[in-house]
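Everything on this sheet refers to the single structure shown next.
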Amino acid sequence: MIERRDIKGCLAGKILRVDLSNKKIWAEDTEKYAKKTLGGRGINSLIMINEIAPQVKWYDPENLLCFGVGSLVGTMAPGACRVDVSTINVFSGGKGSANVGGFWGAELKYAGYDNIIIIGKSEKAVYLYINDNHIEIREANFIWGKTIFETEKILQQKLGDNDIKIASIGPAGENRVRGSAIIIDTARAAGGSGVGCVMGDKRLKAIVVRGHGKIEVAEPERFMKAVEKCYRQCKNEPNTKMMHKAPLNLYSDPEWEGWNTNIVVKNGQDDQWEKVNRIRLMNFKTGVPNLQKGVRACYSCPTGCMPYMEINKGKYKGNKGEGFWINTIMGHACRFNISDPESVVESWLLTNELGLDGDYVAAGLSWIFELYEKGMINQKDTDGLELTWGNGDALNKLIKKLAYREGFGDFLADGMAEVAKKIGQNSEYYLIQVKGQPSIEPFRIPKGWALAVSTSPVAGRHLRGATMGSNKYGPKPRPGNFGVTDYQNQAKGVVWQGKTKELEDNLGICNYVGTWSGANFLTIADFTELINAGMGLDLTEEDLMNHYAVIGRNLEKAFNTLHTGMSRKDDLPPKRFQEEEVKSGPYKGYKIEENKYNKMLDEFYELWGWDKKTGMQTRTGLENLGLIDIAEKIEKQGKLIDK
Amino acid sequence: MKIIRNDNLCYACKTCQLICSFHHTNTFWPERSSIIVSRNPQDGTIKWFKNASCDQCINEKEPLCVKYCIYGALQLVKEVKEYD
């Protein structure tokens, strides 16, 4: 068992509690939660499992909306800027979690808070104002209905401070569109799990933060030595330059391997996008790279991966803002077969501005396009929109309809699973979803990726263990097999990557600067030294990987067990990818083979210490982590495996 | 010697502001920094100010803001004095 020493640095020290129903605000110490989990998402998960009763639904006032800033955020630890937003997942009913960078998290810590836990629902639209100790729930009628851009501008003007940091929802969240995001600093999205929908349901338009305080570290000199080493690694790492403009650098080469392994085309009809489209979208002279006017980094980040875009011609000329991501290519381009660069950039800007989740828009609406192609819906249903592949203008109009619940948009807004029920005709088969959440991820070619996405406790997203699936990228050494299409040994890589992500979300270190992309950015040894020097602890790499990381994952899994009927059957990839093969390209003929996938899944459960047959947690596993109270809760529901 | 900044290379990560505050306070305290970076994500502009409290990190080999600017936007250059 880990010796839990007092934490002597890095934390702001307090968790802010807000009750929107009763308009109450109070605070408590962070330390007891951070001792168990190290911080960030871990604290959110712990509070959720302790305080949300199993019968509570996402729309109940008892649901919590939790913001957790990582424990190293606010310091010079490279890439330490991330915030976890956790709540009940509007799609699965289990754990919801979305992670976001930017500057808001550090500002909250300078104001004195590590986490914000929000309970209840306001009757009227409100926003939360935090200026150090001065905290108020204020009326928000003047910004209700406004886009993200408008909301931020109005708040900055009204409060007379351009340096306030804002987390807000757009019209989509206000209208409880299921796939709504919470947007931080104009363009950084806490996207998945419908976190923006929950915020809208609570009638909370924004959280405005200004902090003037400091973050202290336990051993400043030792901490800076660790920081200096990390910066040296980032500077010397050849992948850093490539990551500076990642989506544009990698995908501007039409021969890049990711085009063959990471892409899903036309809602899953194929996994290969024609080269003519790749070139049209991404060539340097007339494609997306030509619309990039600069690059922006998040707080204290040595990678700097966010392009600043400005559309310079056509009907969207003049529209601009931060943001264009690999998911934009995977989602807003390939899934709709849209290769017009201006149109794709516009749809991404629009997605942010209206407060939608990009992955939800791409996976959900490309399914609607396919239903249109198959004749299950027609122009009468779509208010006259021609939802044909490649029609970017129609997509942009549909995005607006969805966010504002206008006409056909209202029909779509309660979630695609509901839409499938209304349309019938086997339409559900074509909806690419995992645990109820639409997913843009590739499954048929990269097998480790398929395993991670299918088993993600937050439903169908890759940030719970997806591996780059390539020897060329990712840290070395790392366990597992990185032949991208292989099934053997993938589970080892996925579990290792899942564990490192647990740590990153607790510390607030970006996955890009952490263990995911570059060969030698930050390592587990670096995490350990930063924690020990910063927080005044005495932990080993072993403690991090085999205790804290495992606790984090088990808390999310246990939440799902207690709140839903999820088990092994929910950790499988979408049926379509088990039945339909890739139609073209170098991986023509590939699909998920059920037997081989199941073997991979067996190994995955064994490595996490879960029961192979059911995928459920065991008494010994939870007790070894000191989670005896949680084991008892699961046992009461008859879902604990007595091993 | 003076610290100059190339606007085209700046990614607005605020690392310079943060490390400067550490130099002055041994803590991470952006309000006590000699440098203030203000970024407008909507129009893409970045404002960068350095006030008179900058001592160019007199006790270090080079100013820490220059040392930790991974994007190469900050440089220490010889000051050329102009005479009439």
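The values are calculated or read from the model by the stated rules, or taken from the named source; none is laboratory data. Note that this is a predicted model, so its numbers are computed, not measured. Using ideal geometry, Cβ is built from the backbone for each residue, glycine included, and neighbour counts are taken over all protein chains shown.
When residues of segment A:212-227 are filtered for being assigned to a loop (DSSP other than H, G, I, E, B) and crowded, with 24+ Cβ neighbours inside 10 Å, how many remain?
Of the residues in that region, 1 qualify.
Could you check how many residues of segment A:452-480 are of a type in the set (S, T, N, Q), surrounded by fewer than 18 Cβ atoms within 10 Å (Cβ to Cβ) and either touching a helix residue (DSSP H, G or I) at 6+ places or on another chain (Cβ under 6 Å) or at pLDDT 90 or above (or both)?
So the answer is 0.
Please specify each residue of segment B:36-68 satisfying the condition of being more than 10 Å from chain A (Cβ to nearest Cβ) and in contact with a helix residue (DSSP H, G or I) (Cβ under 6 Å, 6 or more places away or on another chain).
Passing the criteria: B:57, B:65.
Among the residues of segment A:289-318 satisfying the criterion of being aromatic (Phe, Trp, Tyr) and facing chain B (nearest Cβ under 9 Å), which is surrounded by the most Cβ atoms within 10 Å (Cβ to Cβ)?
A:299
So which residues in segment A:129-180 are closer than 16 Å to residue A:191 by Cα, β-branched (Val, Ile, Thr) and part of a helix (DSSP H, G or I)?
Of everything in segment A:129-180, just one residue is closer than 16 Å to residue A:191 by Cα, β-branched (Val, Ile, Thr) and part of a helix (DSSP H, G or I), namely A:148.
Going through segment A:200-228 one residue at a time, which ones are farther than 22 Å from residue A:181 by Cα, of a type in the set (Gly, Ala, Ser) and away from every other protein chain (no Cβ under 11 Å)?
A:218, A:226
Considering only segment A:233-240, I want to know if a residue exists there that is away from chain B (no Cβ under 11 Å) and surrounded by fewer than 18 Cβ atoms within 10 Å (Cβ to Cβ).
Yes, segment A:233-240 has at least one match.
Can you pull out every residue in segment B:10-24 that is free of Cβ contacts under 8 Å to residues at least 60 places away in the same chain, under 18 Å from residue B:39 (Cα atoms) and within 7 Å of chain A (Cβ to nearest Cβ)?
Matches in segment B:10-24: B:12, B:13, B:14, B:15, B:18, B:19.
With segment A:409-460 as the region, which helices (runs of 4 or more DSSP H) entirely inside it contain at least 2 residues that are β-branched (Val, Ile, Thr)?
A:416-423, A:447-455
Restricting segment B:25-35 to residues that are in a loop (DSSP other than H, G, I, E, B) and within 12 Å of chain A (Cβ to nearest Cβ), which is nearest to residue A:104 (Cα to Cα)?
That would be B:29.
Would a scan of segment A:103-120 turn up a residue that is small (Gly, Ala, Ser), out of contact with any strand residue (DSSP E or B) (no Cβ under 7 Å at 6 or more places or on another chain) and within 27 Å of residue A:28 (Cα to Cα)?
Yes, because at least one residue in segment A:103-120 is small (Gly, Ala, Ser), out of contact with any strand residue (DSSP E or B) (no Cβ under 7 Å at 6 or more places or on another chain) and within 27 Å of residue A:28 (Cα to Cα).
If you take the residues in segment A:100-128 that are among the aliphatic types (A, V, I, L, M) and part of a strand (DSSP E or B), which one is farthest from residue A:505 (Cα to Cα)?
A:126
Go through segment A:616-643 and give me each residue that's assigned to a loop (DSSP other than H, G, I, E, B), modelled with pLDDT of 95 or more and touching a strand residue (DSSP E or B) at 6+ places or on another chain (Cβ under 8 Å).
A:616, A:617, A:640
Among (1) free of Cβ contacts under 8 Å to residues at least 40 places away in the same chain; (2) more than 10 Å from chain A (Cβ to nearest Cβ); (3) not in a loop (DSSP other than H, G, I, E, B), where does residue B:3 come up short?
(1)
Residue-by-condition table, conditions (1) modelled with pLDDT under 95; (2) surrounded by fewer than 22 Cβ atoms within 10 Å (Cβ to Cβ); (3) out of contact with any helix residue (DSSP H, G or I) (no Cβ under 8 Å at 6 or more places or on another chain); (4) among the hydrophobic types (A, V, I, L, M, F, W, C):
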| residue | (1), (2), (3), (4) |
| --- | --- |
| A:524 | yes, yes, no, yes |
| A:547 | no, yes, yes, no |
| A:558 | no, no, no, yes |
| A:575 | no, yes, no, no |
| A:592 | no, no, no, yes |
| A:614 | no, yes, no, no |
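Give segment A:501-529 a look and list any residue that's more than 21 Å from residue A:102 (Cα to Cα) and touching a residue at least 40 places away in the same chain (Cβ under 8 Å), or say none.
Of everything in segment A:501-529, those that are more than 21 Å from residue A:102 (Cα to Cα) and touching a residue at least 40 places away in the same chain (Cβ under 8 Å) turn out to be A:519, A:520, A:523, A:526, A:529.
Evaluate the following for residue A:43: is it surrounded by 24 or more Cβ atoms within 10 Å (Cβ to Cβ), part of a helix (DSSP H, G or I) and not hydroxyl-bearing (Ser, Thr, Tyr)?
Taking the combined requirement at face value, the residue satisfies it.
Spot the failing condition for residue B:42; the list is (1) over 9 Å from the mean Cα position of the chain (by Cα); (2) at pLDDT 95 or above, and only one is missed.
Exception for residue B:42: condition (2).
Of all residues in segment A:132-153 being more than 23 Å from residue A:117 (Cα to Cα) and within 12 Å of chain B (Cβ to nearest Cβ), which is surrounded by the fewest Cβ atoms within 10 Å (Cβ to Cβ)?
A:150
Scan segment A:509-520 and give yes if some residue there is modelled with pLDDT of 95 or more, assigned to a helix (DSSP H, G or I) and buried (at least 24 other Cβ atoms within 10 Å of the Cβ), otherwise no.
There is no residue in segment A:509-520 that is modelled with pLDDT of 95 or more, assigned to a helix (DSSP H, G or I) and buried (at least 24 other Cβ atoms within 10 Å of the Cβ).
Regarding segment A:531-540, can at least one residue be identified that is at pLDDT 95 or above, within 19 Å of residue A:486 (Cα to Cα) and in a loop (DSSP other than H, G, I, E, B)?
For segment A:531-540, residues at pLDDT 95 or above, within 19 Å of residue A:486 (Cα to Cα) and in a loop (DSSP other than H, G, I, E, B): absent.
Does residue A:307 fit the bill of being in contact with a Leu (Cβ under 9 Å, 6 or more places away or on another chain), touching a residue at least 60 places away in the same chain (Cβ under 8 Å) and over 21 Å from residue A:233 (Cα atoms)?
For residue A:307, the condition - in contact with a Leu (Cβ under 9 Å, 6 or more places away or on another chain), touching a residue at least 60 places away in the same chain (Cβ under 8 Å) and over 21 Å from residue A:233 (Cα atoms) - is met.
Among (1) free of Cβ contacts under 8 Å to residues at least 60 places away in the same chain; (2) within 25 Å of residue A:11 (Cα to Cα); (3) surrounded by fewer than 24 Cβ atoms within 10 Å (Cβ to Cβ), there is one condition residue A:112 misses while meeting the rest; what is its number?
Against the list (1) free of Cβ contacts under 8 Å to residues at least 60 places away in the same chain; (2) within 25 Å of residue A:11 (Cα to Cα); (3) surrounded by fewer than 24 Cβ atoms within 10 Å (Cβ to Cβ), residue A:112 comes up short only on (1).
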